[in-house]
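Every read-out reported here was derived from the displayed coordinates using simple, explicitly stated rules and does not represent laboratory data. Quick caveat: nothing in here was measured; it's all calculated off a predicted structure. All Cβ positions, even for glycine, are placed from backbone atoms using ideal geometry, and neighbour counts span all protein chains on display.
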Amino acid sequence: MATATVSHTAALARLGHALSDSTRAGVLLALRNGPAFPSDLAEALGVSRQVMSNQLACLRGCGLVEAVPEGRHASYRLADPNLAPALGELLQVVLSVEPDCCTGEGCTCA
């Protein structure tokens, strides 16, 4: 098992921030299948192009995705090939959630 360094901790914090938003999480999951154009991602996730642009900027800033120039446009892909299988593994995690934990104003999960 690898020893976690400050850099590892910072990288996991960035990933956690990215996954804390459902649109950003959806982008990362969609990009597991390969590069995609922002307009296609926006349509697939049901958000505006402006929202997608903002979310992609956040994911770029976190170092999780990168733009690949293609003529006058750019597609996006996961910045590290290890991220796709890691996201796949995260999908296998089963969380045990208290029934009343994430409902109402008293929710402490968000």
Degrees separating the helix 22-31 axis from the principal Cα axis of the chain, which is the longest one: 50
Average silhouette area of the chain, convex hull of alpha-carbon atoms, in square nanometres: 9.0
Those residues of the stretch 9-24 whose amide nitrogen sits under 18 Å from the label point placed on A2, 7 Å along Cα→Cβ: 9-17
Degrees, to the nearest 10: 6-19 long Cα axis against longest axis of the chain: 80
Gain in span if fully extended, N82 to E66, counting 0.36 nm per residue against the direct Cα distance: 4.4 nm
Contour minus Cα-Cα distance for S20 and V51 (0.36 nm per residue): 9.6 nm
For the stretch 27-74: Kirkwood Rh in Å [reciprocal of mean 1/r, alpha carbons]: 10.9
F37 long-range amide H proximity, modeled H, under 5 Å: Y76
